Amino acid sequence: FNHATPGPFFEAVARVLAATPRWRNVLRLRFVGSMIEPFRAMIGQHGISDITRVDGYLPHAEALRLMAEADAL
């Protein structure tokens, strides 16, 4: 995997949701671009599939719009 992995991030999100279940109603994760299958599997393994969306590549202008609308990047 190289040394960059979203695993610790996914684990942190899962812990936050376990500690504060009401956040599951408002927290949404969205990934745009390429994501390898092992990373997609981690989403399910951490129990956050219901709040996570993985999109493929989008036109540049659309990606910029999504970044501008995001609460966090």
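Data for the structure
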read-out	value
14 Å beta-carbon shell around VAL32, net charge (K/R +1, D/E -1)	+2
The chain - mean residue ellipticity at 222 nm from DSSP helices (-39,500 (n - 2.57) per run, n ≥ 4, rounded to 500)	-13000 deg cm²/dmol
The chain - charge dipole about Cα centre, Lys and Arg +1 at Cβ, Asp and Glu -1, debye rounded to 20	200 debye
Amide H within-cut-off set for LEU29, under 5 Å, with H built and near neighbours excluded	THR52, ARG53
Rounded accessible area per residue of segment 1-62, 1.4 Å, Å²	71 Å²
At most 15 other Cβ within 10 Å, DSSP loop - chymotrypsin sites (Phe, Trp or Tyr not before Pro), the chain	PHE1, TYR57
Potential extension, ALA19-TYR57 segment - 0.36 nm per residue separation minus Cα distance	10.4 nm
Approximate spin-label separation ALA41-LEU66, in nm, with each point projected 7 Å along Cα-to-Cβ	2.4 nm
Portion, in percent, of the accessible area of the chain that falls on carbon or sulfur, probe 1.4 Å	58 percent
Anisotropy class of the chain from Cα gyration tensor, a/c 1.5 cut	oblate
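The values are calculated or read from the model by the stated rules, or taken from the named source; none is laboratory data. Please read all numbers here as calculations on a predicted model, not as lab measurements. Backbone-built Cβ (ideal geometry, glycine too); neighbour counts: all protein chains shown. With ligands, DNA and RNA removed, areas are computed over all heavy atoms of the protein, side chains included. Shrake-Rupley method; radii C 1.70, N 1.55, O 1.52, S 1.80 Å.
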